[in-house]
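Each reported figure results from applying straightforward, stated rules to the coordinates on display, with no laboratory input. Computed from a predicted structure; not experimentally measured. All Cβ positions, even for glycine, are placed from backbone atoms using ideal geometry, and neighbour counts span all protein chains on display.
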Amino acid sequence: MDFKYRWKNGAPPSRDQAARNRHLLDESQFENEQDRSLAEEMARKHLNVPLTTSDEDRSVLPQAAPPEE
């Protein structure tokens, strides 16, 4: 099956590379960020790698309370 968008490095990344990289597609082919995020989601589904989530940058561990002054 062929994918209709251009990959970032000219070829589909391996599943390991795709899981580690935030952007898989060449950004010059998109006019806005919404189109790019939809295409990135489709690319991840195409490669069977986990989709990105809106809170993936946040730590899953609880944060310590700031020290009292």
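Structure notes:
- Only helices enter this figure: runs of n ≥ 4 DSSP H residues, each worth -39500 (n - 2.57), summed and divided by the residues of the chain, yield -9000 deg cm²/dmol at 222 nm to the nearest 500.
- Which label in [x] 31, 18, 5; [y] 32, 14, 10; [z] 38, 10, 7 gives the computed semi-axes √(5λ) of the Cα gyration tensor in Å: [y]
- Using the average count of surrounding beta-carbon atoms within 10 Å as a protection proxy, the listed peptides 36-48, 15-27 rank, highest first, as 36-48, 15-27.
- Mean sequence separation of contacting Cα pairs (under 8 Å, at least six apart), scaled by the length of the chain, corresponds to a relative contact order of 29 percent.
- Basic side chains Lys and Arg get +1 at the Cβ, acidic Asp and Glu get -1 at the Cβ, and with that the dipole of the chain about its Cα centre reaches some 520 debye.
- Net charge of the neighbourhood of residue 31, taken over other residues with C-beta under 15 Å away and scored Lys/Arg +1, Asp/Glu -1, is -3.
- Angle between the chain longest axis and helix 33-47 axis [Cα atoms, degrees, rounded to 10]: 80 degrees
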